[in-house]
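Just below is one structure, and these are the notes that go with it.
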Number of protein chains: 2
Amino acid sequence: MTGAVVSRAAELDAADPLAGFRERFVPCGDVRAYLDGNSLGRPLRASRERLLRFVDQAWGERLIRGWDEQWMDEPLRAGDALGRVALGAANGQTVIGDSTSVLLYKLIRAAVDARPGRTELVCDRDNFPTDRFVLQGIAAELGLRVRWIDCAPDGGVTPDQVAHVLGENTALVLLSHVAYRSAWLAELPEITALAHQHGALVLWDLCHSVGVVPLELDDWGVDLAVGCTYKYLNGGPGAPAFAYVRADLHERLQQPIWGWMGAGAPFAMGETYQPASGIRRFLSGTPPILGMQPLLDMIDLVTEAGLPAIREKSVTLTEYAMALADQFGVTVASPRDGARRGGHITLAHPAAREATARLWEIGVIPDFRPPDGVRIGLSPLSTSFAEVADGLSALATVLSHAG
Amino acid sequence: MTGAVVSRAAELDAADPLAGFRERFVPCGDVRAYLDGNSLGRPLRASRERLLRFVDQAWGERLIRGWDEQWMDEPLRAGDALGRVALGAANGQTVIGDSTSVLLYKLIRAAVDARPGRTELVCDRDNFPTDRFVLQGIAAELGLRVRWIDCAPDGGVTPDQVAHVLGENTALVLLSHVAYRSAWLAELPEITALAHQHGALVLWDLCHSVGVVPLELDDWGVDLAVGCTYKYLNGGPGAPAFAYVRADLHERLQQPIWGWMGAGAPFAMGETYQPASGIRRFLSGTPPILGMQPLLDMIDLVTEAGLPAIREKSVTLTEYAMALADQFGVTVASPRDGARRGGHITLAHPAAREATARLWEIGVIPDFRPPDGVRIGLSPLSTSFAEVADGLSALATVLSHAG
């Protein structure tokens, strides 16, 4: 790293109003630049304490009484909190539970049932594998056709492309708000409105936007959304996902996994399943209470920092990373326009896989995404500009030796 | 409590070879008798330490590298360990993930697909609600008929009853090994063999037997099984469930939720879903790694204590509880024969609901199960005979005032 790069990074860190939040995270040992917060966010110190309190008190002392006292409502209460701080969702529309994949399955099935006679699903070929796979499974099961949209590798789905495949047969559009490779930020309100003009429902995958890109799901008229909580929400490996279902759709949608915790009166042990009213009907099994504890800390932290400030730092971080990539002669495969870019960038190089492996050995941790992407995920509350400078410099050096 | 009751309980505790294991659990505060370990097992002290280590090191320092280094295989490795110590299952047939309800959905759907043309499902009316509800949902979805078996309130399903409804149209039999109310222990090997004679598959719900009743799934020729890990396996509220699928069925079964973590090469980000070989294909989303940590401690503890010794204490505990109930004039609604009884007993009384609420106020914690059951769950590694004596005496006193 040149002195100029070092001092510029130091200037940016000194001017960063969110810099103090970095101390809230557990130290990361031998890692000198963590550039994969969009795959797995770092743990908060507060989560260590919360987990201990949880084991000692909530679980260890209240025992089964915990379900009556707080846990029955915790998936909804945490969902409401997430909705307020990160989704732009009024209470009663967000719930925590299951994995993104299972929630995708439930909501896609529910949406298709709510559009009887319509035989087409819309998705893009660069959507995250689990979205495409779950959709393919349902299409195979129900005899539906998927209309696939092709995207540029450094871009993403546009309203024009969606308009081109929408029609009176479209039951559901399934897209990611931020593309997992390019970080393309889709024009969510426009695409949602387009789908509605054709009577279709839209399901947004928010995995790569929740906690880093402000959302206004209610204002934008979104029907359905899912997302994970282990990226920018720092919930830990395999933390439960969330589902958003707009309030007026609850009574019109029925999901296919009729577990007891989605029933109206689970402890009545009744003869037949009657779905709960409201968002609870999208639950199935016993909710992962222990597994959602760290998420609660990050919801608090996002509340404290404020999502607009987080987004501002996020855009600055990704711009800075792109400027460094340009300076080092590494190809950027993400949108240049900050308004069309999520919280990460991808750099393209034929030796991306080997370079990532080499970087991991020296404590610089980006992610590899096939075929040729080094993905740089920048979690605003835990990432410094110095880390970005250090990591990108190391990447440039490794690539310069990759021939 | 009379002096005779107190001294008899003390004798039994003094003679209990597993008594020392009680110290391994987190203290339970104001609870003087925890009689609901079969709804939510108590946390282990070791789990406090494991969770801290997990946050500080596995998650906090290894970060995303944890997936490569250990987490990708953890659901299978933990499944294998559980299979060895508690299920009688050879490696490669058990996996941890999702909830019991979601796993029931996946395996019922897979089983029905594997028996094309067969239109009937068998279940009992006293099976746990989530089993019945999930089955009802699938029956409604696929136009199948459920053949319901009626059981005595203090008993459970018999091979004769199953034989009566089995036929060439039976696709799947779904039963619980131990009934959640009566604790009836079904004749699992006999019923499995009967179903196989008719070409049907059997799915056993092991929620109330795993960790307390020794199982030999491989030897018994079981096809499919699921169970939760928050009861006798002390995994914590909403801990992930497990699925067992016999090895020779893997390639013949496909589950409907085609999430990326059930695909053969999830990080290839390929175009189409190809199920993984082996038990991994029954996964869907990112597995709940944080949520399965406490379970790992209990697997260790069960290994150390040995399931035969656990079962022996379990039978002694339930016998002792029944003897006290008889002495106090409370009606037992569970099998008298230890060989037909799981790890809990249910006591029947018209004032069961109010009595349970009153007992909770004084730190005696059984569970209420409608319509009239006070359920006494006795977790062998954490429950003393003195607790049983104290709890049952308190119950008798409360009931004597209930009029």
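The values are calculated or read from the model by the stated rules, or taken from the named source; none is laboratory data. Predicted, not measured: the structure shown is a model, and the values here were computed from it. Note that each Cβ is placed from the backbone with ideal geometry, even for glycine, and that neighbours are counted across all protein chains shown.
Data table
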read-out: Pick from segment B:265-284, criterion within 8 Å of chain A (Cβ to nearest Cβ) and under 19 Å from B:Asp98 (Cα atoms), ranking: farthest from the chain's Cα centre (by Cα); value: B:Pro266
read-out: Residues (part of a loop (DSSP other than H, G, I, E, B) and more than 30 Å from B:Phe368 (Cα to Cα)) located in segment B:157-173; value: B:Leu166, B:Gly167, B:Glu168, B:Asn169
read-out: Yes/no for B:Gly92 being crowded, with 24+ Cβ neighbours inside 10 Å and either closer than 30 Å to B:Thr383 by Cα or assigned by TED's automatic domain parsing to the domain that holds B:Val173 (or both); value: no
read-out: Residues satisfying the stated conditions in segment A:264-285, i.e. in contact with a helix residue (DSSP H, G or I) (Cβ under 8 Å, 6 or more places away or on another chain), more than 27 Å from A:Ala90 (Cβ to Cβ) and modelled with pLDDT under 90; value: A:Met269, A:Gly270, A:Glu271
read-out: Search result, residues across segment A:10-31 that are in contact (Cβ under 8 Å) with a residue 40 or more places away in the chain, more than 22 Å from B:Met72 (Cα to Cα) and surrounded by 15 or more Cβ atoms within 10 Å (Cβ to Cβ); value: A:Leu12, A:Asp13, A:Asp16, A:Leu18, A:Ala19, A:Phe21, A:Arg22, A:Arg24, A:Phe25
read-out: Filtered residue count, segment B:37-55, keeping only those that are among the basic types (Lys, Arg), over 30 Å from B:Thr346 (Cα atoms) and in contact (Cβ under 8 Å) with a residue 24 or more places away in the chain; value: 1
read-out: Any hit, segment A:31-52, residues being at positive phi and assigned by TED's automatic domain parsing to the domain that holds A:Ile310; value: no
read-out: Scope segment A:246-264; condition at the interface with chain B (Cβ under 10 Å from one of its Cβ atoms) and hydrophobic (A, V, I, L, M, F, W, C); matching residues; value: A:Ile257, A:Trp258, A:Trp260, A:Met261, A:Ala263
read-out: Of all residues making up segment B:191-210, the number that are crowded, with 20+ Cβ neighbours inside 10 Å and either more than 25 Å from B:Thr346 (Cα to Cα) or in contact with a helix residue (DSSP H, G or I) (Cβ under 7 Å, 6 or more places away or on another chain) (or both); value: 11
read-out: Residue satisfying condition, being farther than 21 Å from A:Pro240 by Cα and either touching a residue at least 24 places away in the same chain (Cβ under 8 Å) or outside the structural domain of A:His198 (by TED's automatic domain parsing) (or both), within set A:Ala114, A:Ala58, A:Ala81; value: A:Ala114
read-out: Any hit, segment A:294-305, residues being within 14 Å of another protein chain (Cβ to nearest Cβ), in a helix (DSSP H, G or I), buried (at least 24 other Cβ atoms within 10 Å of the Cβ) and not hydrophobic (A, V, I, L, M, F, W, C); value: yes
read-out: Single condition B:Asp372 does not satisfy, out of (1) within 17 Å of B:Gly211 (Cα to Cα); (2) surrounded by fewer than 20 Cβ atoms within 10 Å (Cβ to Cβ); value: (1)
read-out: Hits in segment A:276-333 - residues which are outside the structural domain of A:Leu233 (by TED's automatic domain parsing) and of a type in the set (Lys, Arg); value: A:Arg311, A:Lys313
read-out: Segment A:174-190, residues that are buried (at least 22 other Cβ atoms within 10 Å of the Cβ) and part of a loop (DSSP other than H, G, I, E, B); value: A:His177, A:Ala179, A:Tyr180, A:Arg181, A:Ser182, A:Ala183, A:Ala186
read-out: Selected residue (criterion: farthest from the chain's Cα centre (by Cα)) from residues of segment B:349-386 that are closer than 21 Å to B:Leu18 by Cβ and away from every other protein chain (no Cβ under 13 Å); value: B:Ala386
read-out: Test result for A:Phe282, of a type in the set (Phe, Trp, Tyr) and more than 29 Å from A:Val173 (Cα to Cα); value: no
read-out: Selected residue [in contact with a Leu (Cβ under 7 Å, 6 or more places away or on another chain) and not acidic (Asp, Glu)] from A:Gly329, A:Gly262; value: A:Gly262
read-out: Pick from segment A:328-349, criterion touching a residue at least 40 places away in the same chain (Cβ under 8 Å) and surrounded by fewer than 17 Cβ atoms within 10 Å (Cβ to Cβ), ranking: nearest to A:Ser176 (Cα to Cα); value: A:Ala339
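Conditions tested, residue by residue: (1) assigned by TED's automatic domain parsing to the domain that holds B:Pro370; (2) surrounded by 24 or more Cβ atoms within 10 Å (Cβ to Cβ); (3) among the charged types (D, E, K, R).
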residue: B:Arg125; (1), (2), (3): no, no, yes
residue: B:Gln136; (1), (2), (3): no, no, no
residue: B:Arg147; (1), (2), (3): no, no, yes
residue: B:Thr158; (1), (2), (3): no, no, no
residue: B:Leu172; (1), (2), (3): no, yes, no
